[in-house]
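Report on one structure; see the data block that follows.
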Amino acid sequence: MSRKLNILMVASEMAPFAKEGGLADVVSSLARELVDMGHDVRVVIPKYKTIEHQGGNITLAVGHVSVPMGVIGDMGCAIWQCPIVDAQDGGEPPLAKKGDEPPLAKRGGGGVVYTVEHHQYFSRDGGFYSNINGDGYMDNDNRFVFLSRASLELCKHVGFRPDCIHVHDWHTAAIPVLVNTDYRDEPLIGNSATLLTIHNLQHQGEFYEGLMDVLGIGWGHFNYMELEKDGNTDLLKGGIYHATIVNTVSERYARQIQTPEFGFGLDGVLRDRASDLYGIINGVNYREWNPQTDSLIAANYDVDDLSGKSVCKADLQGCLGLPKRPDVPIIGLITRLVKQKGIDVLAEAIYRLMELDIQIVLLGTGEVWANFYFGDLPRQYPDKFGCHIGYDNTLAHKIEAGSDFFLMPSSFEPCGLNQMYSLRYGTLPIVRAVGGLDDTVDNLNVEANTGTGFKFYDLTAGALVDTVGWAVYTYYNDKDTMAGLIQRAMERRFSWADVAVKYVALYEKAIVNRQGGMIS
């Protein structure tokens, strides 16, 4: 099939309008690449309070949309629209040389972002999902069922017939369920294929059983195959069952989530959908993450002239109050301080790591104990450990550019982005071989002269320490191997243009599957 597709994409975030995590960047970059390819892309997100203050080209699309909410009754919303603007693009030449500029974005037109305005649900002073104290909103179930239904009702108001509806994570996983039930006879929607992308299986949208009355599709769908899990309504489970095709953000993660270790109770339903389950690695926004052009680092550099990296290293040491030693390897971490990221294992290993002749720099925030634990280490090791609790985008760029290694000891990792940023910056990843980390980092093989980083497999402090020790030994004792690693790492690319082609192939497959092999 080779034709322009009508794609409806629904998500809880999209950069630059609303961003709390990597999902926003994925939706933004993918949508823009699809537009460049000539497809008609309509993205629907909530109109959060922060969007109200952005101004720009946001105009009213539909003054009133009535959204059926089951036992709650019909609720109204307004829909605003904005062109898919040229921001944070992912383009870069396959192997850019020093002095090359990334090409201008290829805007193809034909892309719209719709924002769903409902003050009670979305215009709040806290975050998108939780209040200012970090507690999840008690009505998150109703909020995102509302977003899902409003997106489908919008199609009727603007006359948009999606060939494929692409939904992301639990927040919009009700849409495949609704397409197969309440909307199956709707002329514009009933024949649409659906693609559900799982960015993190740990978060499933699991709520009390009474959510079935809000969904309004009938209690017959509250069963162990569809929406029921442990007596609750699980939106992601329902989406997995009903979606035409399901994908995750790496091939390795797609396989791992079919096992009890990584499946979070949904490995059975995922095994049932194995023939329709795919993995596609996310791309990288090389307009932002590129040492050749990065305006946030002390000096630019590239694979054929690394002199600027030593300048960045000294700058990073100065920023975090560490001695400016050009000879010591710096190991960087930019992470949420939560168990998923392996910070409990790092905490267990830290005193053994501090016995090595290294410096560690950490940027992140998360669980309270971890904030205090890692935040206190600079006092104990003022010459070896630098830390900033919180997030600082400029410092994140400085860590990528100024570090020699980048550590990611994750317990699971659907895709990961920082290891891909690190490759581009010649900052060699040290990763646990799970999910996207395993797919994007090639383990060093000295004899074959291959590899782009260092991997370990067991989630233990011992394995972490041994692998860091291996990397540090290589740094001090094998300069030729280090040089080869850095060159191969910096030449790797993860292009959003390539990613978009793979998603179009999934859309086309989903359309074929939905229509029983017949394309209209």
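Please turn the phi angles of segment 184-199 into ³J(HN,Hα) values with the Karplus equation 6.51 cos²θ - 1.76 cosθ + 1.60 (θ = phi - 60°), one per residue in order, whole Hz, x for glycine and proline.
Rounded to whole hertz, the list is 5, 9, 6, x, 7, 10, x, 9, 5, 6, 10, 10, 9, 9, 9, 8.
For Asp357 and Asp213 in one chain, what is 0.36 nm times their gap in residues minus the Cα-Cα distance, to one decimal in nm?
Taking Asp357 through Asp213 to full extension adds about 45.8 nm, to one decimal.
Count the lysine pairs in segment 307-491 that are 8 or more places apart or on different chains: how many have C-alpha atoms under 24 angstrom apart?
24
Using a Förster radius of 22 Å, what is the FRET efficiency between Met225 and Asn513 based on their Cβ-Cβ separation? Nearest 0.05, please. Numbers along the way, then the final one.
Details: r = 19 Å, r/R0 = 0.85.
Computed FRET efficiency for Met225 and Asn513 comes out at 0.75.
Skipping prolines and chain starts, which residues have an amide H placed within reach, meaning under 5 Å, of the one on Asn443, given they are 5 or more residues away or on another chain?
Thr452
Can you give me the C-alpha center-to-center distance between segment 400-424 and segment 229-275, rounded to a whole angstrom?
26
On full extension of the chain, what length is gained from Leu60 through Asp139, given 0.36 nm per residue of separation minus the C-alpha to C-alpha distance? Walk me through the numbers before you get to the answer.
Details: separation 79, 0.36 × 79 = 28.44 nm, distance 2.64 nm.
Full extension from Leu60 to Asp139 adds 25.8 nm.
Determine the relative contact order of segment 307-491: mean sequence separation of Cα pairs under 8 Å and six or more apart, normalised by residue count, in whole percent.
Relative contact order for segment 307-491 comes out at 21 percent.
Give me, ordered by chain and number, the residues 5 or more places off Arg432 or on other chains with an amide H under 5 Å from its own placed amide H.
Met408, Ser410, Phe456
Which of the following values of volume of the Cα convex hull per residue in Å³ was calculated from the structure shown: [x] 149; [y] 230; [z] 160?
Among [x] 149; [y] 230; [z] 160, the one calculated here is [x].
Need the C-alpha centroid separation for segment 444-509 versus segment 120-171, integer Å.
Going from one Cα centre to the other spans 37 Å.
How would you order 493-503, 346-356, 412-422 from highest to lowest mean count of nearby Cβ atoms within 10 Å?
The peptides rank, most packed first, as 412-422, 493-503, 346-356.
Starting from segment 196-260, pick out the chymotrypsin sites (Phe, Trp or Tyr not before Pro) whose DSSP state is loop and whose Cβ has at most 11 other Cβ atoms within 10 Å.
Tyr208, Tyr224
Nearest-5 percent of antiparallel DSSP beta bridges in the chain?
In the chain, approximately 30 percent of DSSP beta bridges are antiparallel ones.
Every number in this text was worked out from the coordinates using simple rules, so none of it is lab data. Note that this is a predicted model, so its numbers are computed, not measured. Here Cβ is always computed from backbone atoms with ideal geometry, including for glycine, and neighbour counts include all displayed protein chains.
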